[in-house]
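J.: Sharing a structure, written as structure tokens. Questions coming.
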Amino acid sequence: MSRVKILDEETISHIAAGEVVERAASVVKELVENAVDADAQIIRIGISADKTGITRISVTDDGVGMDFDDALLAFRQHATSKISRPEDLDGITTLGFRGEALASIAAISKVTFTTKERGSASPEAARVVIHGGELISHAAVGAPEGTSIIIEALFYNTPARRKFQKSVPTELSHVYDMVERIALSNRHISFVLLYNGKERFQTFGTGSYPDVIAAVFGSSFSKELTPVSGSFGPVKIDGWITRPGSEMKTTQTRFYLAINGRQVTSRQLQWAIREGYGTLLPKGMFPAAFLDITLDPRDVDVNVHPTKREVRLSREREVMRFIQDAVYSSLHEERVFSPAPGHKPSVCSRLTSFSLPSPAPAPVREIVTTLPAEIVGEPMPVYAGKRETRQSPLKQTEKQLRRTETHDLPETDLFVPEVLGQIGDTYILAKNESGDLIVVDQHAAHERIMYDQLLARASSAESGQELIVPLPITLSKKEIAALPDLQDVLASAGYLLEPFGKDVWMVRSVPVVSSTLGDPETIHAILDAALDGVGSTDEVLDRVLKTAACRAVVKGNTPLTVEQMQRLLRQLMATQSPYTCPHGRPTTIVLSKSRLAGMFLRT
Ligand code: ADP
Ligand code: MG
């Protein structure tokens, strides 16, 4: 049955500029995508190379194949079975649609193409041989159902392009990357990649993301990931991203994004994912991400760039917010903080597994005076426990989410490491049940706790404590000019300020969490933060709270008792993002047993 047709002039005129076959990897991409579009279950890719470069590329599939005439027609410019009218460009569901790849590849190489239509009555397959765009033969041969294409002498008649080929390892790495990307977004298909006859990797078509990730990157890497999923109307997100606390990279190398099965790049969506991590992401670090996004095909324009790697989304802002929210919600579900599936706890042990220390003996005087009450005294309310399920698909700020969760909850929900001691009056050493060593930066941890407490109280009636004696503060002209507009935000944080004299204002209340927040220096710093850049009220409030958290934390080295450290860890684990301070620096380093074993060369 004939399916392939030459597109009419009008449709051709709507298609973005023709693609250029730049390197071996572009050829592999086009051929493998054709096999995917042909409903293949198994796709075998063979690459051969010698010192001179890549000598042979072959792709074999068990897809629908083509009949005798189509096999030849497919090599004509603008010959495709995937679209036929300009309107079809509005809802493309196949990887190809321009009908250009086979023609372009056949023009610059020697091609042997064998295909047999699935379920056809004829016993014969078609074989087409084309050298440099010239038909050498079109004949009937015996072959199984499906398609096999062999490309030899790539760029043999285009010396300029051949000269631009990099070394064999570089070209191969592009080929591998391409096949990996296609395999990651087509998990129901089994891919086998051979180099000079040796198997390089294989996926098994199980449909499972972790299976493909493990096949491509190794099983230990796949254990560092946590699932993300969510849907909002026709928009769906499904995939895996780096678990907070796992190794992050300073470059975004492992970012795999597929929209409707097509691997694409998108700075916007990359940004949305990072935003979803918020402070869980240390500064300058990037998570790995493997994400499938499903959208209404009419909302995706793939016809903007010849390589189709860039797409245009019609409701991009909405999609970005949704992705950010889905990442945020997924990361804040309990499982992120609990052990990886099939693993013993790796971050901390359950609180219930050891008894709480008896009330602290009277701490050293110096500590009582330098440490804020909530570390020395009884623990503050616990801010963890049951995570609210998403109510709105749109982004909820950290604050909004927190507000729904600030009820006191049983502490047995928490995982808290057991304190071993303190070093340098700065770091807390602890261990968990599986014998991992945990090092906590007490100041960063304290900042995280403070921030959470400030956030939990922000905008509530209990955010501020009235000062018995109001505090006069002399302000700069800039501060005075801005203050009337900032009064509401500051009030949400717990600061009540009122004009008093020409350049003097009265501080009537300061945030409850720490009395040190009434220092004039602190108030100037907070005004600075509020005035530093623009933003929504929530963003300004967030800057205010981050600065307050930083200011509320004791600077310098502070010796702590075991009880104080234990309480600090308990409060830290009760925060929403225990692994980073509000500025994104890590609070906690985990030296797992296996990492220690590695350092001692025991493995
Ligand atoms: P496009 O993929 O944009 O349609 P191509 O030049 O890549 O253009 O392929 C032209 C046509 O050849 C396709 O539309 C399809 O009908 C057919 N074709 C190519 N490769 C295969 C394959 N592996 N199996 C079945 N049909 C194929
Ligand atoms: Mg194609």
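J.: Rounded to the nearest 0.05, what FRET efficiency do residue 156 and residue 118 give with R0 = 30 Å and r taken as the Cβ-Cβ distance? Could you check?
T.: 0.35
J.: Let me ask you something else. How far apart, in nanometres, would the label points at residue 439 and residue 516 be if each is projected 7 angstrom from Cα along the Cα-to-Cβ direction?
T.: So the two model labels end up 2.4 nm from each other.
J.: Given points 7 Å out from each Cα along the Cα-Cβ axis, report the residue 294 to residue 502 separation in nanometres with one decimal.
T.: For the pair residue 294/residue 502, the computed spacing is 7.0 nm.
J.: How much of the accessible area of the range 144-270, probe 1.4 Å, is carbon plus sulfur, in whole percent?
T.: 53
J.: Please sort 312-324, 244-256 by packing, taking for each peptide the average over its residues of neighbouring beta carbons within 10 angstrom, highest first.
T.: Top of the packing list down: 312-324, 244-256.
J.: What area, in nm² and to one decimal, does the C-alpha convex hull of the range 52-172 cast on average over all directions?
T.: About 9.0 nm², averaged over all directions.
J.: Measuring with a 1.4 Å probe in the full set of protein chains, what accessible area per residue, in whole Å², belongs to the range 415-528?
T.: 43
J.: Computing the accessible area with a 1.4 Å probe over protein heavy atoms, can you report the carbon and sulfur percentage for the range 445-603?
T.: 57
J.: Additional query: Looking at the range 151-228, which trypsin sites (Lys or Arg not before Pro) are DSSP coil and have at most 15 other C-beta atoms within 10 Å of their C-beta?
T.: Of the trypsin sites (Lys or Arg not before Pro), the ones in loops of the range 151-228 whose Cβ has at most 15 other Cβ atoms within 10 Å are 166.
J.: So what's the net charge close to residue 153: Lys and Arg +1, Asp and Glu -1, counting the other residues with Cβ under 12 Å from its Cβ?
T.: +2
J.: What's the center-to-center distance, using Cα atoms, between the range 431-508 and the range 211-232 in Å?
T.: So the two Cα centres are separated by 40 Å.
J.: Same structure, new question: How many nm separate the modelled label positions at residue 538 and residue 41, each set 7 Å beyond the Cα in the direction of the Cβ?
T.: 4.9
J.: Using a Förster distance of 56 Å, how high is the FRET efficiency between residue 283 and residue 188, based on the Cβ-Cβ distance and rounded to 0.05?
T.: My answer for the efficiency is 0.90.
J.: Using a/c under 1.5 as the rounded threshold, could you call the range 171-286 rounded, prolate or oblate? The axes a ≥ b ≥ c are square roots of the C-alpha gyration tensor eigenvalues, and prolate needs a/b larger than b/c, oblate otherwise.
T.: It comes out prolate by the Cα gyration axes.
J.: Can you give the accessible area per residue of the range 180-265, in Å², using a 1.4 Å probe?
T.: 42
J.: Between residue 583 and residue 481, what FRET efficiency comes out of the Förster formula 1/(1 + (r/R0)^6) with R0 = 25 Å and r the beta carbon distance, rounded to 0.05?
T.: 0.35
J.: Quick one: length gained pulling residue 8 to residue 488 fully straight, 0.36 nm per residue minus the C-alpha distance?
T.: 166.5 nm
J.: How long is the gain from residue 214 to residue 166 if the chain were fully straight, where each residue apart is worth 0.36 nm and the alpha carbon distance is subtracted?
T.: Taking residue 214 through residue 166 to full extension adds about 14.4 nm, to one decimal.
J.: Further, regarding this structure: If you add up the charges near residue 282, with Lys and Arg at +1 and Asp and Glu at -1, over every other residue whose beta carbon is less than 13 angstrom from its beta carbon, what do you get?
T.: +3
J.: One-quarter of the Cα convex hull surface for the range 233-335, in nm²?
T.: Approximately 6.6 nm², given one-decimal rounding.
J.: Want the number for residue 136 to residue 600: 0.36 nm per residue separation, take away the alpha-carbon distance, what's left?
T.: The span from residue 136 to residue 600 would gain 160.6 nm if fully extended.
The values are calculated or read from the model by the stated rules, or taken from the named source; none is laboratory data. Please read these numbers as outputs of a predicted model, since none were measured by experiment. No Cβ is skipped: glycine too gets one built from the backbone with ideal geometry, and neighbour counts run over all protein chains shown. Side chains included, ligands, DNA and RNA excluded: accessible areas come from the protein's heavy atoms. Shrake-Rupley method; radii C 1.70, N 1.55, O 1.52, S 1.80 Å.
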